[in-house]
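Peer 1: I have a structure I would like to understand better, so I am pasting it below and will then ask my questions one at a time.
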Amino acid sequence: IMAELTLQVCVMMLLLAISYKCKHSRVLLFFICIMTFIMIAFSFDSADLENYRRAYDFDIYMGKDPLYFIFQELIHSTGAKFEFFKMLIGTIMTVLFLSSIFRYTEHRELLLSLCLFIPVSNSFATQIRSGLAGCIIILALTYLFANNMKSKIIYLVLVVMASFIHQMSLFYIILIIPVILKDTKRFIYFTRVCIFIVTIFMINAGSIITDFADFISSQSWTNSYLSILVFRMKQMFTGEFKSTLLGFAFNALFHSILYYCAEVSLIQQSKIMRLELPYKEWSKIDLIRGVNCLLLAFIPLYAISFHFVRAFYYAVPFLCASTFNSIYAVRKVRRLNSYGQIRVLLVIGVIIFVYFWGILQEPADTFRLVKSYFEVR
């Protein structure tokens, strides 16, 4: 099994290294897309997938995320095995994910090869509901920055749809706020201060959250969807799901580094290319900065439960694309081949580090997952 894991990691590292050197190659892009499809659709064994297999085989409705269950029940009623169900969902996820990434950036090879580490190898490979919802969110983000109301409505519809597959997706509704505000700069400063204060509060507020959840649950007006949401919130904020101080610091640092690289890159692009950028591009950069800043609202949640980092993984391709797009735009216009090199390497380095850290945390589960790629089903 160790040899199989080593082979997979070597292939991923090789694709990333070639992508870093060769910016545009259809052959390379094809191989990365195939690797993405294999990792998402042909993963059949892990702790999470075992639970999904049991729920599918016995047609169990786990009392959450109704849209996912409707799809599960539909496929189960045909008599298809779990492997077919998993490959079908994996294919849908792959199509959604790849089509979104193609809209994110011209530097698709680099972004896709980096996404093999996060989120493809973990969220998309092992967490069916979270992965499918994540792919919808990644697609939704491509509509958020379009300059028309129809796209904003599509964004909200997609987020709501994703929330009926995995409720944690509801967080992404708040990203509409920078879109409807005119003064993005003040919003960014205000948001930073608020998030810092809330983070300090959340580190010490576990009991308050659970008391609030108990109060909501006891009310007669609480419907079933809200009851499930409150129950899961309480479950995450206590016991085995509660984040440790080290876990919070690790996730917060990972998020902060990606935020910093995107923020600095966008600011520098505005300064260096101030004469080349049309008004629409200026507005788009400000909007991306606002969304990037609002995503920092995940950080207080890391103080409560490590589960919230899964929802942040949906935003990782967006943050990486924002960094790469800004840096390579400056390189192209100013002909500065080494501009932003440290930030690019920092993004790559921190994602690879988090990937290997995840393996060290649950090596047995990683071995199970990798082994399933090599087994004939």
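Peer 1: Here are a few candidate values for Cα extents along the principal axes in Å: (1) 71, 46, 34; (2) 95, 74, 49; (3) 62, 51, 42. Which one was actually calculated from the structure I just gave you?
Peer 2: (3)
Peer 1: Please give the peptides 146-152, 349-355, 6-12, 322-328 ranked by average Cβ packing (other Cβ atoms within 10 Å per residue), highest first, as a rough proxy for protection.
Peer 2: The packing order, highest mean first, is 322-328, 349-355, 6-12, 146-152.
Peer 1: Take residue 106 and residue 276, extend 7 Å from each Cα along the Cα→Cβ direction, and tell me the distance between the two endpoints in nm.
Peer 2: 1.0
Peer 1: Going through the cross-link list 150/280; 23/150; 185/280; 152/185; 21/280; 284/332, which pairs have a Cα-Cα distance over 26 Å in this structure?
Peer 2: 23/150; 21/280
Peer 1: With labels modelled as points extended 7 Å from the Cα through the Cβ direction, what inter-label distance (nm, one decimal) is found for residue 74 paired with residue 364?
Peer 2: Once both label points are built, they end up 3.7 nm from each other.
Peer 1: With r defined as the distance between the Cβ atoms of residue 147 and residue 194 and R0 fixed at 25 Å, what FRET efficiency is calculated, to the nearest 0.05?
Peer 2: The value I calculate is 0.35.
Peer 1: Under unit Cβ charges (Lys, Arg +1; Asp, Glu -1), what dipole magnitude, rounded to 20 debye, does the chain have relative to its Cα centre?
Peer 2: The dipole of the chain has a size of about 1540 debye.
Peer 1: Also: What lysines does residue 371 reach when the alpha-carbon gap must be under 25 Å and sequence neighbours fewer than 8 apart in one chain are set aside?
Peer 2: Partners found: 81, 86.
Peer 1: Give, rounded to the nearest 20 debye, the magnitude of the charge dipole that the stretch 302-377 has about its Cα centre when Lys and Arg contribute +1 at Cβ and Asp and Glu contribute -1 at Cβ.
Peer 2: I would put it at about 480 debye.
Peer 1: Order these peptides, 305-311, 126-132, by their mean beta-carbon neighbour count within 10 angstrom, highest first.
Peer 2: Result, highest mean Cβ count within 10 Å first: 126-132, 305-311.
Peer 1: Given the options 185, 23, 271, which has the most mean-square fluctuation in a GNM of the chain, springs set between C-alpha atoms less than 10 angstrom apart?
Peer 2: 271
Coordinate-derived values only; no laboratory data. None of the values given here were measured: they were computed from a predicted structure. Glycine gets a Cβ as well: all are built from the backbone with ideal geometry, and neighbour counts include every protein chain shown.
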